[in-house]
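Below is one structure, written out as structure tokens; the observations come after it.
The values are calculated or read from the model by the stated rules, or taken from the named source; none is laboratory data. Computed from a predicted model, the values in this text were never measured in an experiment. Counting neighbours? That spans all protein chains shown, and the Cβs are built from the backbone with ideal geometry, glycine included. Quick note on the areas: whole protein, heavy atoms, side chains included, nothing else; ligands and nucleic acids left out. Shrake-Rupley method; radii C 1.70, N 1.55, O 1.52, S 1.80 Å.
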Amino acid sequence: MALADFLQQLDELAADAVAAFEAASDAEALEVTRVEFVGAKSGRLKAAQKGMGSVDKADRPVAGKQFNEAKTQVEVALQAAHERLAAGGASSSAKPAEIFDPTLPGKRPRVGHLHPITQTIEELKDIMGRLGFSVADGPEIEDERHNFEALNIPSDHPARDPLENFYIAAAERSHGKPLLLRSQTSTVQIRVMEQTPPPVRIISLGRVYRPDTADATHYPMFHQIEGLLVDQHVTMADLKSVLRLFAASYLGHNVHIRFRPSFFPFTEPSVEADMSWGDDWIEFGGAGMVDPNVLRAVGYDPEEVTGFAFGLGIERLCMRRHGVTDIREFYKNDVRFLHQF
Ligand code: FA5
């Protein structure tokens, strides 16, 4: 073989080998390529080495030198490919993960659950259901009649201050009257009594909104449970018994309840209810005997029927039950917190 032909063959071999090693995408492909070029029996390098025998004797030193250079080039490219695959790791280490072992136990998908406040709502419904109260519902967007007027809250009362409420801008233009996010569930008392003749024995649970600054016990959106019982001969003793029974059922029998005189325009007399928490007391709701003006506003006869009503903060009850010391935890949506319930 002429020297020139031999040298050209070597060049092609080296170029092919470098390209093939660079293209090898995993250990298996690299091994196939390695055998093709540097295989001891039938690799292309071996064949070239044999081919050197047919080069003129005088040209052999040049051919030999060139062969060694090509061989080094091929070996360097092979080593580089090994290192690339080992360092990238992706393709070779991905292998075991791809193996499917049907005998291994499966991974249980993480299933969510109801939010603690929703769980509390369900439990409170259960407790009050056993005391004969059925559940009523009302809208979160309210008019002033249901949020204030029928509840005996006059237009100059500070609770009606726009700064104390979330009024809906432009509602007056589109609905002909101001609308607001309800600030209390007492609205549902009015809606139920407007629709139903006495006796009435309902609870209503849901969201209410106030522009309160968030702190450990306040949040601008929170939940209340409203209770209303109207019948003949209902007294304050009934109210206190129901609230005590309710608190003991939800919080356990070691909870203490105390009633403080208070004022609400829609109850007379009115009380604020506190629950014991360690050595402390924390307010959990307001209550009282339904004001005769409210009964009249819905067409009931205050000479015929009396009633009691209460409105309790659901977050505060849930906090006391589970030892949560900051109401803001409920609304951070941190699953590490939520998973504990
Ligand atoms: C009322 O909302 C009255 N409607 C309760 C009522 C109903 C009285 C029926 C008489 C008859 P008050 O504003 O006090 O009352 O709120 C009641 C409870 O809601 C509070 O005791 C507290 O537990 C909870 N609460 C009030 N504001 C917040 C707030 N920003 N964040 C969390 N809970 C609150």
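Take the range 273-287 and flag every residue that is open to solvent by less than 10 Å² (accessible area, probe 1.4 Å), within 6 Å of the ligand (Cβ to nearest atom) and under 12 Å from residue 316 (Cα atoms).
284, 285
Within the range 42-55, how many residues are at pLDDT below 90 and assigned to a loop (DSSP other than H, G, I, E, B)?
Looking only at that region, the number is 1.
Would a scan of the range 182-202 turn up a residue that is open to solvent by 60 Å² or more (accessible area, probe 1.4 Å), touching an Asp or Glu at 6+ places or on another chain (Cβ under 6 Å), within 13 Å of the ligand (Cβ to nearest atom) and in contact (Cβ under 8 Å) with a residue 12 or more places away in the chain?
Here is the first cut: in the range 182-202, the residues open to solvent by 60 Å² or more (accessible area, probe 1.4 Å) are 191, 194-195, 197, 199, 201.
From the residues that got through so far, the ones that are touching an Asp or Glu at 6+ places or on another chain (Cβ under 6 Å) too are 199.
From what is left, the residues that are within 13 Å of the ligand (Cβ to nearest atom) are none.
Within the range 182-202, not a single residue is open to solvent by 60 Å² or more (accessible area, probe 1.4 Å), touching an Asp or Glu at 6+ places or on another chain (Cβ under 6 Å), within 13 Å of the ligand (Cβ to nearest atom) and in contact (Cβ under 8 Å) with a residue 12 or more places away in the chain.
Table: residues versus (1) surrounded by fewer than 12 Cβ atoms within 10 Å (Cβ to Cβ); (2) free of Cβ contacts under 8 Å to residues at least 12 places away in the same chain; (3) under 13 Å from residue 79 (Cα atoms).
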position	(1), (2), (3)
1	no, no, no
4	yes, yes, no
9	no, no, no
13	no, no, no
17	no, no, yes
23	yes, yes, no
30	no, no, yes
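Sort through 132, 138 and tell me the only one that's in contact with a His (Cβ under 8 Å, 6 or more places away or on another chain) and assigned to a loop (DSSP other than H, G, I, E, B). Reasoning before the result, please.
Values: 132 fails: in contact with a His (Cβ under 8 Å, 6 or more places away or on another chain).
After ruling out the rest, the residue left standing is 138.
I need the full set of residues from the range 296-337 which are among the hydrophobic types (A, V, I, L, M, F, W, C) and away from the ligand (no atom under 13 Å from the Cβ), in order please. Let's see the steps before the verdict.
Going through the range 296-337, the residues among the hydrophobic types (A, V, I, L, M, F, W, C) turn out to be 297-298, 305, 308-310, 312, 314, 317-319, 324, 327, 330, 335, 337.
The answer is 297, 298, 305, 335, 337.
Name the one entry in 172, 164 that is out of contact with any strand residue (DSSP E or B) (no Cβ under 7 Å at 6 or more places or on another chain), in contact (Cβ under 8 Å) with a residue 24 or more places away in the chain and open to solvent by 50 Å² or more (accessible area, probe 1.4 Å).
Details: 172 fails: in contact (Cβ under 8 Å) with a residue 24 or more places away in the chain.
When all the criteria are applied, what remains is 164.
Can you find a residue in the range 249-262 that is crowded, with 22+ Cβ neighbours inside 10 Å and either in the same structural domain as residue 217 (by TED's automatic domain parsing) or over 21 Å from residue 198 (Cβ atoms) (or both)?
The first filter runs over the range 249-262 and keeps only residues crowded, with 22+ Cβ neighbours inside 10 Å, leaving none.
Scanning the range 249-262, I find no residue that is crowded, with 22+ Cβ neighbours inside 10 Å and either in the same structural domain as residue 217 (by TED's automatic domain parsing) or over 21 Å from residue 198 (Cβ atoms) (or both), so the answer is no.
Return a yes/no flag: does the range 213-230 have any residue that is out of contact with any Lys or Arg (no Cβ under 7 Å at 6 or more places or on another chain) and more than 11 Å from the ligand (Cβ to nearest atom).
yes
Can you tell me how many residues in the range 175-196 are charged (D, E, K, R) and outside any loop (DSSP other than H, G, I, E, B)? Steps first, please.
Narrowing the range 175-196 to residues charged (D, E, K, R): 177, 182, 191, 194.
With the extra rule that they be outside any loop (DSSP other than H, G, I, E, B), the set shrinks to 191, 194.
Final tally of qualifying residues: 2.
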